[in-house]
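Engineer: Okay, handing you the structure first.
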Amino acid sequence: MPKILLATILLAGVLPAQQLWYNKPAQIWTDALPVGNGRMGAMVFGGVAHERIQFNEDTVWTGEPHDYAHKGAAKYLPQIRELLWEGKQKEAEDLAMKEFMSEPLHQKAYQALGDLLIDIPGAENATNYKRWLDLDTGIATTEFTANGITWRREVLASYPANAVIVHVTSSKPAEFTATLKCAHANCKDGASMSGQVEDSAIRFDARLERRKQGNSTTLILVAATNFKNYRDVSADPEQRNAATLAALKGKSYQTLRAAHVRDHEALFRRVTIDLGTSPAAALPTDERIAAFAKGNDPALVALLFQYGRYLMIGSSRPGGQPANLQGLWNESNKPAWDSKYTININTEMNYWMVGPGNLLECQLPLFEALKDLSQSGAVVAKEHYNARGWVVHHNFDLWRGAAPINASNHGIWETGGAWLSTHLWEQYLFSMDKQFLRDTAYPLMKGAATFFVDALVKDPKTGYLYTGPSNSPEQGGLVMGPTMDREIVRALFGDVIMASKILDVDKELRAQLTDMRARIAPDQIGRYGQLQEWMEDKDDPKNQHRHVSHLWGVFPGSEITPYGTPKLWAAARQSLIYRGDAATGWSMGWKINLWARFLDGDHAYRILQNLITPAHDGRPSRAGLFVNMFDAHPPFQIDGNFGAANGIAEMLLQSQDPYGTETSLSPVESGEQGFLHLLPALPSDFPNGKVTGLLARGGFEVSLAWQNGKLAKATIHAKVARPLKVRYAGNEASFQMKAGQTLDIGPDLKSL
Ligand code: FUC
């Protein structure tokens, strides 16, 4: 074996695969390494003489409790619809802009909180420098030698401790300073900082406790605000921090670290993935990203998948806010799109991977937000549509704004709450947790569906039901009945019908939804062989817009499948071909999933390759990955990370078809049957690999091993007693699984 190759293999063996690592400090924010506990986030720059740890707390926002509904807007609804039916789109948009929009027109913004600055006097010219993030432990470490002293800093964001903890050690006695720098005006820097966000009711407090023991020092950073919930800001941030610190009194760093690692591992280690390795795996992560196009580095794909899971654990834990456009990592007080919740794709994309990635509890913060939105959105339903139930348009913020924002041509989009509600049903399908379905999911889903019982209208031309005014996200302007809306409402109605059957409730509503669902305008194939994005056949085959909204029925929906609706499936595929492979970060994230659903692993992988390119090839940045593997829209937007992670899972395992008897109501009724599809879209670049612990709908946990592109073994564990159908390479087999049973099967789908 050539010496260099041997050396690289040895080195790769020593370097744990689940690390991002670098041989120089971060220059800019997107070089820095993220840690998070679902409420606080920190970005570790890994500096030598000057270390910067930029941090956030997820309720530091502009604004205050506020009802954004436009009182009396519903008066104008018939007229807006009438104008659209008459083909007067511009007039309809103008009228809606005046009478139908959120008050005020824009929502509020997520903010930075501050920096923890650590200075080591005279520590220039470091040698043996290295910084890394270990996804398995959730710890970011910086190590270097300067002036004959070797320094090591570990940074972690602990969920159990509710704090960011920095542990500094030096090989000899040495001094350093640590201080907080506030990101807001009128707030003094120092060991503690408290203040108020400009133009906001949010007051915050952050403080740093310093504990020295020999040559090591532990810095405990806590932060809190007065935010209790979207209507109440009466908490005392100082008191909250004092209580957090009091609870940590007397706990050594080793104890705090061990508790953090235990908590993190319990989530992170549920899934392992091995797509093969390569010499490039020994390079620093930034060089690996740059080299990715040149050679095959499947381990970087595995790392990107696990990084998605890591970022989910860091940005969305029970008790905190849901992951926003940047998770919870934000350096700016004027972040792109306010770093809020854009729900015409972005927030949903964030959460696609919690099922397959076996992190279901990370979605609970989103469901807490849905509880709020079912209240604020009920006011909007009443004031704007004179409807029951609740509705959310294309964005929400900390204050749970649900009314249409920004501009009528894209802000008036009726199905944000509906799409989010399908996540409740998905959570049930992955967990089979009936208590969750009954207590949390169903009431919210029912309210979302009830809105459309009142708000769907009849198309005067065809007599079908549809939504409107609405839009196909962010293009084509205000219209009646865009395809995406119809797909989402059909899915939501189907979910509520199935849930009400399982829970044995609401017979009448079920009958009504079943009747209305069948009358919603169907998907249509247009003159270019495309799936129509609108009611009319007006798609432009040259349109390469990043949104691929009408393909919702393929993914994340499942009403269009090769088995049930082969013609629509082919048309949807044609639409995706027209849209092209180039895209912004999240758009690539969506396309990876779509190509996996089109059972084309190589095409899905081609998009993934487009995504794994340096985002910072000089300025301005472009779509791809930043040095720290944050995905670039650009700028950084975390949906691309999460979307790509789910896309990788979709290549290996799919379970989207309506499953089993309880859920056998197929969206399109035509003989579809649910199954676990093993290796449905395996790219030829990953001929050998294994994955353990993926979740599938039906409450199954699945591990797969494959060799030379062929399944070697599948292990399927059933959480509850259920029928199981498995599909691989065109063959199918059925099993009756008992609760707690584990089944091993080979490529012939026979039990081993
Ligand atoms: C939608 C997208 C943009 C961006 C924003 C946050 O408006 O069309 O590309 O991702 O959300």
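Engineer: So for each of 524-535, 592-603 I average, over its residues, the number of other beta carbons within 10 Å; can you give me the resulting order with the highest mean first? Mind showing how you got there, number by number?
Structural biologist: Details: 524-535: 19.1, 592-603: 23.6.
Answer by packing, highest mean first, reads 592-603, 524-535.
Engineer: Please give the FRET efficiency for Glu86 paired with Val505, using the beta carbon to beta carbon distance and R0 = 45 Å, rounded to the nearest 0.05.
Structural biologist: 0.60
Engineer: Shifting gears a bit: Averaging over every viewing direction, what projected area does the convex hull of the Cα atoms of segment 421-484 cover, in nm²?
Structural biologist: Projected area, direction-averaged: 5.6 nm².
Engineer: So what is the relative contact order for the chain, in percent, with contacts set as C-alpha pairs under 8 Å and at least six apart?
Structural biologist: 12
Engineer: Same structure, new question: Using the per-residue mean of other Cβ atoms lying within 10 Å as a proxy for protection, in what order, highest first, do the peptides 704-713, 244-253 fall?
Structural biologist: The packing order, highest mean first, is 704-713, 244-253.
Engineer: Shifting gears a bit: How much length is gained if the chain between Ser734 and Lys538 is pulled fully straight, taking 0.36 nm per residue apart and subtracting their Cα-Cα distance, in nm to one decimal?
Structural biologist: Values: separation 196, 0.36 × 196 = 70.56 nm, distance 4.37 nm.
Result: 66.2 nm gained on full extension.
Engineer: Just how large is the dipole of segment 669-745 about the Cα centre, in debye to the nearest 20, putting +1 at every Lys and Arg Cβ and -1 at every Asp and Glu Cβ?
Structural biologist: Here the size comes out at about 240 debye.
Engineer: What would the Debye equation give as log₁₀ I(q)/I(0) for segment 669-745 at q = 0.12, 0.15, 0.21 Å⁻¹, counting only Cα atoms as equal point scatterers?
Structural biologist: Calculated log10 I(q)/I(0) at the listed q: -0.34, -0.52, -0.95.
Engineer: At 0.36 nm per residue, minus the direct Cα-Cα distance, what do Ala49 and Thr127 gain on full extension? Give it in nm, one decimal, please.
Structural biologist: Roughly 26.8 nm would be gained on extension.
Engineer: Then there is this: Which semi-axes, in whole Å and largest first, does the equivalent ellipsoid of the chain have when worked out from the alpha carbon gyration tensor as the square roots of 5 times its eigenvalues?
Structural biologist: Semi-axes from the Cα gyration tensor: 42, 32, 23 Å.
Engineer: Could you give the size of the charge dipole of the chain about its Cα centre, using +1 on the Cβ of each K and R and -1 on the Cβ of each D and E, expressed in debye and rounded to the nearest 20?
Structural biologist: It comes to approximately 1320 debye.
Engineer: Are there cysteines in the chain with no other Cys C-beta under 4.7 Å, and if so, which?
Structural biologist: Flagged as lacking a Cys partner: Cys362.
Engineer: Then there's this: Between Phe493, Tyr22, Gly190, whose Cα lies farthest towards the positive end of the dipole of the chain when Lys and Arg beta carbons carry +1 and Asp and Glu beta carbons carry -1, centred on the Cα centre?
Structural biologist: After comparing all options, I get Tyr22.
Engineer: Positive end of the dipole of the chain, charges at C-beta (+1 Lys, Arg; -1 Asp, Glu), about the Cα centre: which of Tyr578, Thr440, His547 has its Cα farthest in that direction?
Structural biologist: Farthest along the dipole direction, towards plus: Thr440.
Engineer: Further, regarding this structure: Contour minus end-to-end for Asn147 and Lys212, with contour as 0.36 nm per residue of separation and end-to-end as the Cα-Cα distance?
Structural biologist: 21.3 nm
Engineer: I'd like to know which of Ala511, Phe686, Val168 lies farthest towards the positive end of the charge dipole of the chain, counting +1 on Cβ of Lys and Arg and -1 on Cβ of Asp and Glu.
Structural biologist: Val168
Engineer: Between Gln196 and Lys98, what FRET efficiency follows from the Cβ-Cβ distance if R0 is 45 Å, with the result rounded to 0.05?
Structural biologist: 0.85
Engineer: Hey, another quick one. Add +1 for every Lys or Arg and -1 for every Asp or Glu among the other residues with Cβ under 15 Å from the Cβ of Thr179, and state the total.
Structural biologist: For residues surrounding Thr179, the net value is -1.
Engineer: Whole angstrom only: what separates the Cα centroid of segment 337-389 from the Cα centroid of segment 69-132?
Structural biologist: After rounding, the separation between the Cα centres reads 15 Å.
Engineer: Mind giving me the nanometre distance, one decimal, between the label points for Lys228 and Asp119, set 7 Å out from Cα along Cα→Cβ?
Structural biologist: About 4.1 nm, to one decimal.
Engineer: So how strong a dipole does segment 257-378 carry about its Cα centre when Lys and Arg Cβ are +1 and Asp and Glu Cβ are -1, to the nearest 20 debye?
Structural biologist: Approximately 140 debye in magnitude.
The numbers here are math on the coordinates, done by the rules we state, and not lab data. Only a predicted model underlies this, so the values are computations on that prediction, with no experimental measurement involved. Please note: Cβ atoms are built from the backbone with ideal geometry, for glycine as well, and neighbour counts cover all protein chains shown.
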